[in-house]
Amino acid sequence: MLFHALNQSAGMYPNKEAIIVGNKRITYTDLLQDVKILTTRLRSFGIDALEHVAMVIPNMPEFIISYYALSSLHAISLPLDPQVKAAELVFYLHDNQVRFILTAAEQ
């Protein structure tokens, strides 16, 4: 349902800005394209419907792209604070039976 809404928005407002972070602006068309690319990559790693996936990504466009991509696969997203302590992270991963973790590359 969430991915469907993005698809509709991209169709109705292709050049309108969907995400603005500082000087970076992402249109609905670009966002949808990024989501489709990531969806394909995630599927190639074996992520499918009802798969538990942790998202340890700060507040950045990649978080939104990842969330939509996982939604399009009907996977179960577990957003986690990147600042969480290692012991807490391990607890959440085990408690939620997470098999995959998405994270942002260090800059």
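In whole angstrom, how long is each semi-axis of the equivalent ellipsoid of the chain, when you take the square root of 5 times every eigenvalue of its Cα gyration tensor and sort them from largest down? Before the final figure, lay out the partial values.
Values: eigenvalues 131, 57, 21 Å².
Each semi-axis is √(5λ); the values are 26, 17, 10 Å.
Taking only protein heavy atoms and a 1.4 Å probe, what accessible area per residue, in Å², does the stretch 1-68 have with all protein chains in place?
Numbers: 4310 Å² over 68 residues.
It amounts to 63 Å² per residue over the stretch 1-68.
In what order, largest first, do SER66, SER71 sit by accessible area if the probe radius is 1.4 Å? Present the calculation step by step, with values, prior to reporting the outcome.
On the way: SER66 10, SER71 30 Å².
Sorted by accessible area, descending: SER71, SER66.
Which percent of the accessible heavy-atom area of the chain goes to carbon and sulfur, probe 1.4 angstrom?
Details: 3870 of 7150 Å².
Here carbon and sulfur together make up 54 percent of the probe-accessible area.
Treat each spin label as a single point 7 Å out from the Cα along the C-beta direction, and report the ILE19 to HIS74 distance in nm.
So the label points at ILE19 and HIS74 sit 2.5 nm apart.
What percent do you get for the relative contact order of the chain when only Cα pairs under 8 Å and 6+ apart count? It would help to have the intermediate numbers written out before the result.
Values: 136 pairs, mean separation 29.6, N = 107.
Relative contact order comes out at 28 percent.
If I ignore ligands, DNA and RNA and count only protein heavy atoms, how much of HIS4 is accessible to a 1.4 Å probe, in Å² to the nearest 10?
About 110 Å², rounded to the nearest 10.
Enumerate the calculated ³J(HN,Hα) couplings along the stretch 25-31 in order (Karplus 6.51 cos²θ - 1.76 cosθ + 1.60, θ = phi - 60°), each rounded to whole Hz, writing x wherever the residue is Gly or Pro.
Computed from phi, the couplings for the stretch 25-31 are 10, 10, 7, 4, 4, 5, 4 Hz.
Report ³J(HN,Hα) in whole Hz for each residue of the stretch 7-22, in order, from the Karplus equation J = 6.51 cos²θ - 1.76 cosθ + 1.60 where θ = phi - 60°; Gly and Pro get x.
Once θ is set to phi - 60°, the couplings for the stretch 7-22 become 4, 5, 4, 5, x, 7, 10, x, 9, 7, 6, 9, 9, 10, 10, x Hz.
Step through the residues of the stretch 94-104 one at a time and calculate ³J(HN,Hα) from phi using the Karplus curve (6.51 cos²θ - 1.76 cosθ + 1.60, θ = phi - 60°), rounding each to whole Hz and writing x for Gly and Pro.
In residue order, the calculated couplings are 6, 4, 9, 6, 6, 9, 9, 10, 9, 9, 8 Hz.
Amide H neighbours of MET55 under 5 Å, counting only residues 5+ apart in sequence or on other chains, H built in-plane at 1.01 Å?
LEU78, LEU80, LEU102
What is the Å³ per residue value for the convex hull set by the Cα atoms of the stretch 49-107? It would help to have the intermediate numbers written out before the result.
On the way: hull volume 4.2 nm³, N = 59.
Considering the Cα atoms of the stretch 49-107, their hull volume per residue is 71 Å³.
Per residue, what volume in Å³ does the Cα convex hull of the stretch 3-52 take up?
Taking the convex hull of the Cα positions in the stretch 3-52, it is 93 Å³ per residue.
Could you pull out every residue, at least 5 positions away or on a different chain, whose amide H is within less than 5 Å of the one on ILE19? Hs are placed 1.01 Å off N in the peptide plane, and Pro or chain starts have none.
Here the answer is ILE26, since their amide H atoms fall under 5 Å of that of ILE19.
The values are calculated or read from the model by the stated rules, or taken from the named source; none is laboratory data. Note that this is a predicted model, so its numbers are computed, not measured. With ideal geometry, Cβ positions are generated from the backbone for all residues, glycine too; neighbour counts draw on all protein chains shown. The accessibility values were calculated without ligands, DNA or RNA, using every heavy atom of the protein model including side chains. Shrake-Rupley method; radii C 1.70, N 1.55, O 1.52, S 1.80 Å.
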